[in-house]
Amino acid sequence: MLKVMVTGAGGFLGRHLCSMLEARGYEVVRFYHCDLDITDRAAVADALRSCSPDVVVNCAAISSTGYAREHPDESLAVNVEAPVNLALACRESGAELFLMSSDQVYGGCTVEGPLKEDLDIEPNNVYGQHKLLMERRVLDILPEAKALRLTWMCQPYDAEHPHQDYVSNMLSAKAENHQMKASALEHRGVTDVRTVCGNLIESFGRLPGGVYNFGAGNLNDSYTTMLHLATVAGYPEENVIRDTGWGRNLAMDCSKLAAFGITFPMTEASVSACIAL
């Protein structure tokens with residue numbers, strides 16, 4: 001079995017990924033922030049020499065768009081410079097490298113319909129700008145690296161490890177009998193984190209280097225999606241408020257990934273699977 005090094009092992013994606021890797025028999029080397037400062041180039045190189053992984057998956061990130069906006073230098077260090085350090089170390093060691101990018105790179109895009117990886121884009125937020133810069137800098141150093149543009153993710157409700165997503169938001173609104181707003185002008189995929197982890201593992205040794213949209217597609221607007229989920233969750237449809245005050249298109253076309261046999265369900269099916277009735 002492959003030895004897989006996971007940075008950001010204590011985060012949302014890293015925690016789920018490590019558990020699935022171990023359940024499938026992989027040797028997993030977990031790195032938490034307290035174990036390894038991935039913004040320290042020498043420390044990253046030493047870590048790879050020490051554990052000699054076959055695959056490196058970087059799940060460490062500043063993922064809050066608001067925090068990245070308020071702390072751009074820290075976002076640059078963690079979301080750009082740290083992945084560059086990993087790329088340099090993997091180039092030296094020969095380990096396969098997977099990096100997490102985001103659908104936020106499409107922020108501000110005026111193209112309609114599902115978006116492809118080869119679009120000429122200029123993200124309208126700091127987080128998206130840094131993720132796009134990361135992709136470009138890493139692939140310049142290590143063309144065989146894989147940058148995965150993830151959607152917003154969800155999980156089955158977990159009181160011990162809460163996560164801000166469609167599932168927890170809707171179940172909380174249901175319990176408290178609150179209304180929820182959903183934009184009729186937004187298009188965005190949302191994916192069950194368990195499917196992301198499974199497909200990431202299936203990608204080991206399978207994908208050429210490059211950028212991949214990596215998550216559930218969504219042909220519907222967020223209001224329509226929310227109405228469907230309300231039915232699944234037993235949440236009153238009349239409590240879903242149609243919002244037309246804002247909109248954006250982050251919905252991704254994953255046909256490039258599908259050509260390698262790796263596919264995702266659509267958003268409604270992906271999120272419905274996380275809702276416990």
Look at Arg15 and say whether it is out of contact with any strand residue (DSSP E or B) (no Cβ under 8 Å at 6 or more places or on another chain), within 21 Å of Ser203 (Cα to Cα), open to solvent by less than 60 Å² (accessible area, probe 1.4 Å) and among the basic types (Lys, Arg). yes
Residue count for the stretch 155-168, restricted to those that are in contact (Cβ under 8 Å) with a residue 60 or more places away in the chain and open to solvent by 20 Å² or more (accessible area, probe 1.4 Å): 5
Answer yes or no as to whether Ser64 is under 16 Å from Arg137 (Cα atoms) and touching a residue at least 60 places away in the same chain (Cβ under 8 Å). no
Can Ser50 be described as assigned to a helix (DSSP H, G or I), within 30 Å of Asn218 (Cα to Cα) and among the small types (Gly, Ala, Ser)? no
Wholly inside the stretch 186-251, strands (runs of 3 or more DSSP E) that include 2 or more residues that are surrounded by fewer than 16 Cβ atoms within 10 Å (Cβ to Cβ) are 240-249
Output the residues belonging to the stretch 42-52 that are surrounded by 21 or more Cβ atoms within 10 Å (Cβ to Cβ) and out of contact with any Cys (no Cβ under 9 Å at 6 or more places or on another chain). Val44, Ala47
If you scan the stretch 15-47, which residues turn out to be within 20 Å of Asp73 (Cα to Cα), in a loop (DSSP other than H, G, I, E, B) and touching a residue at least 12 places away in the same chain (Cβ under 8 Å)? His33, Leu36, Ile38, Thr39, Asp40
Examine the stretch 198-211 for a residue that is in contact (Cβ under 8 Å) with a residue 60 or more places away in the chain, out of contact with any Leu (no Cβ under 7 Å at 6 or more places or on another chain), under 17 Å from Cys109 (Cβ atoms) and not hydroxyl-bearing (Ser, Thr, Tyr), and state whether such a residue exists. yes
Checking the condition surrounded by fewer than 21 Cβ atoms within 10 Å (Cβ to Cβ), within 14 Å of Val196 (Cα to Cα) and within 23 Å of the chain's Cα centre (by Cα), which residue from Thr263, Thr267 passes? Thr263
Examine the stretch 169-180 for a residue that is closer than 22 Å to His16 by Cα, in contact (Cβ under 8 Å) with a residue 60 or more places away in the chain, of a type outside the set (D, E, K, R) and part of a helix (DSSP H, G or I), and state whether such a residue exists. yes
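The values are calculated or read from the model by the stated rules, or taken from the named source; none is laboratory data. Quick caveat: nothing in here was measured; it's all calculated off a predicted structure. Counting neighbours? That spans all protein chains shown, and the Cβs are built from the backbone with ideal geometry, glycine included. Calculation scope for accessible area: heavy atoms of the full protein, side chains included, ligands and nucleic acids excluded. Shrake-Rupley method; radii C 1.70, N 1.55, O 1.52, S 1.80 Å.
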